[in-house]
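Student: Mind looking over this structure? Questions follow.
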Amino acid sequence: MTGDAGSTPAPPRIHPRRLPEPSPVALARRGVHIAQVATRHFLPVAIGHLRERPRARLDPSAFARPLRLTFEDLGGTFIKFGQIMASSPGMFGEEVAQEFRSCLDTGPAAPFADVRVRIEEDLGMSIDEAYASFDPEPFGRASIAVVHRATLHDGREVAVKIIRPGIELQVATDLDLMQPLFEVLARQTGDQMAGSVLQLVDGFRIQVGEEMDLRNEARTMAHFRLLLTEVDLPRIVVPEPYPELSGANVLTMELLDGVPIDDLTQVAELGVDPGPLVEDVVRSFFLHTVRWGVFHGDAHAGNMLLLRDGRIGIVDWGIVGRLDRATHRFVLRLLAAALGEEDAWAEVTDHLVKTYGPALGIAVGMDEAEMAQFIRALVEPTLTRPFGEVSLADMLQTVQLQLARAQGVEAHRRSFRAIIRRLRFQRRVRRMADASGGLFSEFDRGTFLLSKQLMYFERYGRLFLADVPLLNDKAFFKELLAGVPDELTGRRDGEPTTGGVGATDPPSVS
């Protein structure tokens, strides 16, 4: 089923591109532009509300459309955040996620003359030398790149991905504007949402440097294609890259003919049941994560194509998660716990406490034993209950309620005293967590990227696998864990594992 992990080639070499340093003038100009765009889209909503219902509370969903239009006009970094909102209805709500659906496959146009220059400078040949034909109209317009159809001189149809001209400076400028703002909000308020956005910005700064050198993506695709030859998942396709026609700004690869997995109209026209294919994607994700500590870090619906031959294609390999040894072991123990290994819950909790220090226990008002039960009650249902019964939004709300109880205040009280008390407590916990060194550590970044991908899975699961849990095939997952080397799992030589086939199922948690 999974092959010999010892024979697997080393992970691909990843070298991030250094982002430019924006000048004060560039920062000021971009800041003014952001303010102008936001004002143009939000002001009519605010004025209309004041005219019609001046004393009524404004529905937060009313901001979804102007926010989406603002993100699309600003492009680049903002489109990336829009993609996360589109793929995470559990966190942002189904209505907001649907509003941002266009961010998954739509970005501003790039002039073809600039695209041609990028291609010819990168490949060192004219576009006619490289391709027999080249469609000047892109069929994919993502946040960082555009994708064009082309034909090679031997007749093969290919997709050509080109980094948007000038996007490097724009992204660097946006990040330099965003990061100080959310650092202040997170540290001065301790607010969980502000902290989560700051994590996104921090992770994106690292990932975008890798994503903007397409040689990284070409090597990653080749590596994952090789890994797929060691497993029995024939319905999953990773495009073949063509290194001889690729460079830092250009990636030529096999063209996959399909439709986005969540375009329900086109999916229905193909007459293929996407449910089993999505299950294969989940298996592949966990197989790569468990066995090799690597995974596709941006598998949202726009990057999953239902192919006309009945297979599923996974594209856009610019963001790949790579777990360090300690984080890899943590994930293994978490899965073992969810599959019935009772002692693993204590190990999971111990690792979190060591990483984030006393701030964790103070924040939730629990000792370590109580915290282990609390973590179990949160995580176990997410992994073992059907997608239709799982809500990451409910999980986050449960955390917020527990944080409020630990402070001795009601989570939703709006009095001035309650808000100030809550902010002081959250700020204290945030500073303790900062001092622990856990925030923005390799563990923090790795698990955050994993959590983001689980948010994406929640969307597909609700669409196609409402009656199926994330860890549906327990025999598969137990066998997978049993094959991991002992030095990663913490088992002693020869010690049997409850993660093996035949282990008892985890008890239900109400």
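Student: Answer yes if at least one residue in the stretch 219-229 is outside any helix (DSSP H, G or I) and either in contact with a helix residue (DSSP H, G or I) (Cβ under 7 Å, 6 or more places away or on another chain) or surrounded by fewer than 20 Cβ atoms within 10 Å (Cβ to Cβ) (or both), and no otherwise.
Tutor: yes
Student: Is it the case that some residue within the stretch 302-313 is farther than 30 Å from I261 by Cβ, in contact (Cβ under 8 Å) with a residue 40 or more places away in the chain and buried (at least 22 other Cβ atoms within 10 Å of the Cβ)?
Tutor: Looking through the stretch 302-313, none of the residues is farther than 30 Å from I261 by Cβ, in contact (Cβ under 8 Å) with a residue 40 or more places away in the chain and buried (at least 22 other Cβ atoms within 10 Å of the Cβ).
Student: Okay, next question. Just the residues that are buried (at least 20 other Cβ atoms within 10 Å of the Cβ), part of a helix (DSSP H, G or I), modelled with pLDDT of 75 or more and of a type outside the set (D, E, K, R), please, taken from the stretch 171-218.
Tutor: If the condition is that a residue be buried (at least 20 other Cβ atoms within 10 Å of the Cβ), part of a helix (DSSP H, G or I), modelled with pLDDT of 75 or more and of a type outside the set (D, E, K, R), then V171, A172, T173, M178, Q207, V208, L214, N216, A218 are the ones that fit.
Student: Identify all residues within the stretch 107-118 that are touching a Pro at 6+ places or on another chain (Cβ under 7 Å), surrounded by fewer than 19 Cβ atoms within 10 Å (Cβ to Cβ) and either closer than 11 Å to L245 by Cα or not acidic (D, E) (or both); write none if there are none.
Tutor: F112
Student: Being closer than 14 Å to D316 by Cβ and β-branched (V, I, T) is the filter here, so list the residues in the stretch 226-262 that pass it.
Tutor: Matches in the stretch 226-262: V237, V238, I261.
Student: Let me ask you something else. Restricting attention to the stretch 109-166, which residues are assigned to a loop (DSSP other than H, G, I, E, B) and of a type in the set (S, T, N, Q)?
Tutor: Within the stretch 109-166, S126, S143 meet the criteria.
Student: Need the failing condition index for M85 against (1) at pLDDT 80 or above; (2) in contact with a helix residue (DSSP H, G or I) (Cβ under 7 Å, 6 or more places away or on another chain); (3) assigned by TED's automatic domain parsing to the domain that holds R40, just the number.
Tutor: Every listed condition holds for M85 apart from (1).
Student: Then there's this: Let me confirm something: among T349, T355, which residue is at pLDDT below 95, crowded, with 23+ Cβ neighbours inside 10 Å, β-branched (V, I, T) and more than 22 Å from V238 (Cβ to Cβ)?
Tutor: That would be T349, the only listed residue that is at pLDDT below 95, crowded, with 23+ Cβ neighbours inside 10 Å, β-branched (V, I, T) and more than 22 Å from V238 (Cβ to Cβ).
Student: Scan the stretch 234-272 residue by residue and report those that are among the acidic types (D, E) and touching a residue at least 40 places away in the same chain (Cβ under 8 Å).
Tutor: Once the filter is applied, which keeps residues that are among the acidic types (D, E) and touching a residue at least 40 places away in the same chain (Cβ under 8 Å), the stretch 234-272 yields E254, D257, D262.
Student: For the stretch 119-146, give me the residue count where each residue is of a type outside the set (G, A, S) and either at pLDDT below 95 or exposed (fewer than 15 other Cβ atoms within 10 Å of the Cβ) (or both).
Tutor: Adding up the residues that qualify gives 12.
The values are calculated or read from the model by the stated rules, or taken from the named source; none is laboratory data. Worth saying up front: this structure is predicted, and the values here are computed from it rather than measured. Please note: Cβ atoms are built from the backbone with ideal geometry, for glycine as well, and neighbour counts cover all protein chains shown.
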